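Student: What follows is a single structure, and I will ask about it in a moment.
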Amino acid sequence: MPIIPKGCRARPSRDPADREAGPRIHARITRTRIFATRAASALAMGAALAFFVTPAQAQVVSPSPSDTPSVAPSSTVAPTATPEPTTSPAPGTTPRPSPAPTAEPDAAESPAPAPSPSTSNDPAPPSDEPTPDTADGADESADAPSTTDLEIAASAGPRIQFVDVSSRTGDALYSEFAAEIAWLADSGLSEGWLLSDGSREFRPYASVSRDAMAAFLYRFASSPAHVPPTRSPFVDVLPTTTEFYPEITWAADAGISTGWKVSGGNAYRPFTAITREAMAAFLYRYAGSPDVTLPQRSPFIDVSSSSPFYKAMVWLESTGASNGWQTDNGAEFRPRATITRDAMAAFVNRLDSVGVAFTPVDASTPLLRHSVMYVYGADTLNIRSGPTTSHTVIARLSRDAAVPTTGTVSSGGWIEVLIDGKRGWASGYYLIGKGGATITQAKSTYSNGRIPESHLCPLSWDRAEILLCQAAEDFERLNLAFRDRYGYNIPVNDSYRDYAGQVRAKELYGYLAATPGTSNHGWAAAVDISGSSLPGGYQGATYLWLRQQLAGYNWVLPTWARPAGSKPEPWHFEYTG
């Protein structure tokens, strides 16, 4: 995309259609969102096309991959009350387990299958490094990127129809959370149960089990790279027989779940239905345990300030995701009631709408959100024994080959991968993640250029630049590494472009700009940087370092924007998470 003068980018207005089932969704959220209208400027777009040298041979740390388990329901669960619907059902409460539980949410359903990694070892050309794309390469197009904007996430597929969920009032299968359930399915977070006749059930009133909760959150976090340990951290979760073993161990590694202390170690209790207080704790830790101002008086009449999960429940209420049930005596949270699957869909949808994302406590390292990546921008890619070109080539992969990642990214932008179960390293410049959950969710919920403000977050160093909240979070991580190295922030010229801004850009730049409604800027998933603010511009070491780092932070310089691409634009980066 051409760099658009800031005055030409109309900013988003509040979308009245941005509704959430149940209570308010914009109340006291922890992230600050500022959407200022830009002052017009007379920036001219510089054509910097002679900018590339061979990608810097640096090291990167990428997250570990984990196979998505086959989707099968966890143990049978009895139906329970749905969480805070507009009416006030009397949910059944389940006795708390004898040992005080560490909040562990539970989720049940069939997870979407992960792509099957292909580690082909096609012969490589004589050169030591991969052959770069040419103008007629598989990822290139003769058309300008204005009409072929790189799809960094799979297009939302046809909506899954659940035979036991209806949005029609009065229907025997009516669910007040039908819209949220449809969103959950369209976002790839739940496919329900496949029946023998080919139809699918969601089972909205079944309780969410703790193993299923881990699966829900793992997918909600965009299925980050994770290598399950060979030895389980829980005595009742086994590597070979527990269906959601990768997701449960990911939740443990991320500090989301600690389980119960028992004789011989810790127990996860995967088939136990998760309680509302435990769910609050899971979600609170998932969000990075943000600071919470605790009120002198509990917002819920059935929650004491001495509860071990008090902070988590107050935080959940402050996001607007949970107001509990209103009674004559005040609001009830019903902490020990179990969560039903339709209610979980509503909770996750509300949290997504206010920008709550998986936030590891350590914000200084890359968080690779792709457990499988693909060879990109090269006909053949060398996999090496270490994260530099001085290490031995141990395998070669052909273009578009899938390869599992381990979650480790080196400081030089190399990503650790798995080849036939053995670890190796690949240059991040030649890898891309696909089908990111955040992009998929945005595309299944909103229209290009018409994303509500509640779904967008500003960059901390330039609050006029806004992106999807998770995209902004990952770019913040990249900026921390950039600033630590160079002492200043990444200079950003453009980010989210609403539909009116895309129309204006098209009028100004013609074929150089994307057709309105097709730009990744319209998905709040692209940035343009200012090369003139970098030493040496697009040929300098600073830019080459930045370019090499992108994949480890779930960003990419698309092939059409690379030196041999159909429209070289070194300033244009796109989000893949």
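The values are calculated or read from the model by the stated rules, or taken from the named source; none is laboratory data. Quantities reported herein were computed from a predicted structural model and do not represent experimental measurements. Every residue, glycine among them, receives a Cβ derived from its backbone with ideal geometry; neighbour counts consider all protein chains shown. Keep in mind that these areas ignore ligands, DNA and RNA; they rest on the heavy atoms of the full protein, side chains included. Shrake-Rupley method; radii C 1.70, N 1.55, O 1.52, S 1.80 Å.
Student: So Gly424 fits all but one of (1) of a type outside the set (Asp, Glu); (2) open to solvent by less than 10 Å² (accessible area, probe 1.4 Å); (3) part of a loop (DSSP other than H, G, I, E, B); what number is the exception?
Tutor: Exception for Gly424: condition (3).
Student: Would you check if Thr380 is farther than 26 Å from Trp560 by Cα and open to solvent by less than 50 Å² (accessible area, probe 1.4 Å)?
Tutor: no
Student: Return the total of residues in the stretch 349-369 being among the acidic types (Asp, Glu) and assigned to a loop (DSSP other than H, G, I, E, B).
Tutor: 1
Student: If Glu317 meets every condition in (1) more than 22 Å from Glu176 (Cα to Cα); (2) outside any loop (DSSP other than H, G, I, E, B); (3) of a type outside the set (A, V, I, L, M); (4) free of Cβ contacts under 8 Å to residues at least 24 places away in the same chain apart from one, which number is that one?
Tutor: Checking Glu317 against (1) more than 22 Å from Glu176 (Cα to Cα); (2) outside any loop (DSSP other than H, G, I, E, B); (3) of a type outside the set (A, V, I, L, M); (4) free of Cβ contacts under 8 Å to residues at least 24 places away in the same chain, the one that fails is (1).
Student: Something else about it: Name the residue, out of Arg336, Arg341, Arg297, that is open to solvent by 50 Å² or more (accessible area, probe 1.4 Å), closer than 29 Å to Ala182 by Cα and charged (D, E, K, R).
Tutor: Arg336
Student: From Gly424, Gly435, Gly412, Gly428, grab the single residue that is over 25 Å from Ala321 (Cβ atoms) and within 14 Å of the chain's Cα centre (by Cα).
Tutor: Residue meeting the stated conditions: Gly435.
Student: Also, quick follow-up: Can you spot a residue in the stretch 459-470 that is outside any helix (DSSP H, G or I) and in contact with a His (Cβ under 7 Å, 6 or more places away or on another chain)?
Tutor: Looking for residues that are outside any helix (DSSP H, G or I) and in contact with a His (Cβ under 7 Å, 6 or more places away or on another chain), one finds at least one in the stretch 459-470, hence yes.
Student: Return the residue satisfying two criteria in turn: it lies in the stretch 494-517 and is more than 21 Å from the chain's Cα centre (by Cα) and within 25 Å of Gly377 (Cα to Cα), and of such residues it is most open to solvent (accessible area, probe 1.4 Å).
Tutor: Checking each candidate, the answer is Tyr511.
Student: Regarding Pro563, is this residue modelled with pLDDT of 95 or more, out of contact with any His (no Cβ under 7 Å at 6 or more places or on another chain) and not in a helix (DSSP H, G or I)?
Tutor: no
Student: Name, by its number, the condition in (1) touching a strand residue (DSSP E or B) at 6+ places or on another chain (Cβ under 9 Å); (2) in a helix (DSSP H, G or I); (3) open to solvent by 10 Å² or more (accessible area, probe 1.4 Å); (4) at pLDDT 95 or above that does not hold for Arg483.
Tutor: (1) is the only condition that Arg483 fails.
Student: Sticking with this structure for a sec: Considering only the stretch 393-409, how many residues are at pLDDT below 95 and of a type in the set (Ser, Thr, Tyr)?
Tutor: Here the count works out to 2.
Student: Which residue, of Thr240, Thr258, Thr230, is polar (S, T, N, Q) and either touching a residue at least 60 places away in the same chain (Cβ under 8 Å) or open to solvent by less than 30 Å² (accessible area, probe 1.4 Å) (or both)?
Tutor: Thr258
Student: Collect the residues in the stretch 498-523 that are in contact (Cβ under 8 Å) with a residue 60 or more places away in the chain and either in contact with a Cys (Cβ under 9 Å, 6 or more places away or on another chain) or among the polar types (S, T, N, Q) (or both), keeping them in residue-number order.
Tutor: Gly501, Arg504, Ala505, Leu508, Thr515, Thr518, Ser519, Asn520
Student: If you check Ala561 against the conditions, is it farther than 27 Å from Val356 by Cα and open to solvent by less than 10 Å² (accessible area, probe 1.4 Å)?
Tutor: So Ala561 passes the test.
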